[in-house]
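The values are calculated or read from the model by the stated rules, or taken from the named source; none is laboratory data. Since the structure is predicted, the reported quantities are computational estimates derived from the model, not experimental observations. Counting neighbours? That spans all protein chains shown, and the Cβs are built from the backbone with ideal geometry, glycine included.
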Amino acid sequence: MFDLIKNDKTFTVFDIGFGKVVCLSFKINNNKPKIIGMDYQKSEGLKKFDLYNSEKLGILLEKVLKNIHGKRIKFSSNIFFSNISDVNLLQKKNLSKINNVSFGISKKNVRSIFKKNLLESKVKGKRIIHSFPQNFLLDENRISNDPIGEKCNTLGISSLNLLADNKLLLSFEHCFKKINISINSFFDSGVCAAYSSTTDNEKEDGVLCLDIGALTTKIVVIENKKVIYSNIIPLGGAHVTKDLHNGLQISEDSAETVKILHGTLSPSFNNNIEVRINSTVKKHINENILFGIIKPRYEEILEIIRDLVFDNINTRVSIKNIVLSGGASKIYGLSSLCENIFNRRCRIGLSNPSNSFFFNKPEFATILGMIMLAQDYKKFQFTKKVTSSKVFNVIDKLENWIEESYA
């Protein structure tokens with residue numbers, strides 16, 4: 001796959017979160033990504049899960065990009081990608097069928113069934129950003145992962161398609177275009193985090209990845225190396241900060257500092273901590289009070305997710321392990337609390353090797369996953385390849401990818 005990518009191309013990925021914006025650029029060197037620069041800044045222009053000030057966000061995006069490439073960035077040499085965190089993300093499972101394939105399944109049949117599946121998955125006001133084929137169904141009684149040459153009367157394909165709000169995508173595209181950037185593809189934040197945080201064995205056996213960010217928690221289940229479930233809930237670390245702000249009667253900045261330095265989900269030893277209210281005023285707070293405010297919110301988040309995921313018997317059976325990522329996953333004791341609620345093994349996602357900048361920084365799981373998806377983007381059939389003024393639509397891109405894959 002990588003030999004199809006010109007070595008002079010630079011991949012630039014943006015992780016636009018409600019807490020921070022990350023920009024990272026890399027090249028492919030010896031079939032491996034080599035990071036050439038990264039910058040991240042506090043988010044601006046985002047509010048209540050939406051883009052409310054494109055000018056502020058645009059200035060910030062331009063700033064992080066220039067901090068990496070300088071003022072003389074060659075836009076023509078870059079392929080740009082962005083994440084998307086849509087609280088109205090829709091997952092749609094679809095089964096499509098075609099008949100009259102009794103002479104043996106051909107590449108043309110496979111292209112037709114893929115195209116039909118995408119067309120049947122369209123929803124007004126939504127745009128497909130990911131399509132995950134699950135398996136092929138032959139004569140409604142045989143399952144295959146590679147049906148070429150098989151004989152049957154009816155060929156079917158099941159897929160899980162993720163659809164984001166088209167207006168939200170257009171608002172981000174417009175923001176990027178103001179700074180002369182054309183986004184090749186949008187990647188779902190949760191899918192990115194799941195790809196980077198879980199091991200190959202976990203993806204095969206069945207794993208639930210929870211990416212707990214500032215305002216949202218992204219939920220992705222992978223089994224047999226296929227995404228079989230995806231969701232997002234509007235709760236995250238910022239809600240814990242808000243609880244501390246209200247409960248302790250301190251500023252939100254102080255509450256965030258207290259959460260980071262002293263937050264825990266394990267019972268404390270009745271110690272007092274000192275919180276600086278301002279340059280002259282300090283306040284002493286008992287750690288047990290802190291624990292009593294933080295734990296209920298995390299329990300709420302995890303219990304909501306458990307009910308959502310376990311409501312589907314197939315998804316419940318699939319999950320053997322749980323991996324946590326996102327900035328709000330770093331709080332002490334979260335993995336133990338998660339194990340108690342889900343009755344599954346749980347760990348915090350860590351980047352290897354241990355001498356990497358990203359080691360023990362689960363808050364960068366999304367950007368790391370974007371590196372994985374961007375360098376292999378043709379495989380995921382949502383490429384928006386731009387050649388001069390012609391934009392290939394998602395159906396054409398998928399058909400081209402299928403033809404290459406089954407050539």
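Some observations on this one:
- Glu363, sole failed condition from (1) outside the structural domain of Ser230 (by TED's automatic domain parsing); (2) surrounded by fewer than 19 Cβ atoms within 10 Å (Cβ to Cβ); (3) under 21 Å from Leu208 (Cβ atoms): (2)
- Within the range 174-196, the residues that satisfy the criterion of being in a loop (DSSP other than H, G, I, E, B) and surrounded by fewer than 18 Cβ atoms within 10 Å (Cβ to Cβ) are Lys178, Ile179, Asn180, Ser182.
- Qualifying residue in the range 211-227 (condition: within 21 Å of Phe359 (Cα to Cα), acidic (Asp, Glu) and assigned by TED's automatic domain parsing to the domain that holds Ser279): yes
- Of everything in the range 134-173 that is free of Cβ contacts under 8 Å to residues at least 40 places away in the same chain and not charged (D, E, K, R), the residue that is surrounded by the fewest Cβ atoms within 10 Å (Cβ to Cβ) is Asn141.
- If you filter the range 11-57 down to residues that are under 22 Å from Leu373 (Cβ atoms) and small (Gly, Ala, Ser), you find that the one that is surrounded by the most Cβ atoms within 10 Å (Cβ to Cβ) is Gly17.
- Criterion: in contact (Cβ under 8 Å) with a residue 24 or more places away in the chain and not hydrophobic (A, V, I, L, M, F, W, C) - qualifying residue of His284, His262: His262
- Count of residues meeting criterion [within 28 Å of the chain's Cα centre (by Cα), small (Gly, Ala, Ser) and surrounded by 12 or more Cβ atoms within 10 Å (Cβ to Cβ)] in the range 98-128: 1
- Within the range 238-342, helices (runs of 4 or more DSSP H) holding 1 or more residues that are more than 26 Å from the chain's Cα centre (by Cα) and more than 27 Å from Ile367 (Cα to Cα): 252-262, 287-310
- Looking only at residues in the range 269-310 that are hydroxyl-bearing (Ser, Thr, Tyr) and loosely packed, with under 15 Cβ neighbours inside 10 Å, the one that is modelled with the lowest pLDDT is Ser279.
- Test: residue in the range 29-40 that is part of a strand (DSSP E or B), of a type in the set (Phe, Trp, Tyr) and free of Cβ contacts under 8 Å to residues at least 60 places away in the same chain: yes
- Checking each residue in the range 197-216 for being outside any loop (DSSP other than H, G, I, E, B), polar (S, T, N, Q) and crowded, with 24+ Cβ neighbours inside 10 Å picks out only Ser197.
- Every residue from the range 217-253 that is crowded, with 20+ Cβ neighbours inside 10 Å and basic (Lys, Arg): Lys218
- The single condition from (1) assigned to a loop (DSSP other than H, G, I, E, B); (2) out of contact with any Ser or Thr (no Cβ under 7 Å at 6 or more places or on another chain); (3) touching a residue at least 60 places away in the same chain (Cβ under 8 Å) that Phe18 fails is (2).
- Checked against the criterion of being over 20 Å from the mean Cα position of the chain (by Cα), modelled with pLDDT under 85, under 30 Å from Asn184 (Cβ atoms) and polar (S, T, N, Q), the range 362-383 contains not a single residue that satisfies it.
- Complete set of residues in the range 349-370 that are of a type in the set (Phe, Trp, Tyr) and over 16 Å from Ser25 (Cβ atoms): Phe359
- Of all residue pairs spaced 6 or more apart or on separate chains, those with beta-carbon atoms under 6 Å, a first member in the range 90-116 that is within 10 Å of Cys152 (Cβ to Cβ) and a second member that is of a type in the set (Gly, Ala, Ser) and loosely packed, with under 13 Cβ neighbours inside 10 Å are Gly104/Gly149.
- Of Ser325, Ser318, all but one fail to be in contact (Cβ under 8 Å) with a residue 24 or more places away in the chain and in contact with a Pro (Cβ under 6 Å, 6 or more places away or on another chain); the exception is Ser325.
- Evaluation of Leu350 against (1) surrounded by fewer than 18 Cβ atoms within 10 Å (Cβ to Cβ); (2) among the hydrophobic types (A, V, I, L, M, F, W, C); (3) closer than 19 Å to Gly206 by Cβ (one fails), failing number: (3)
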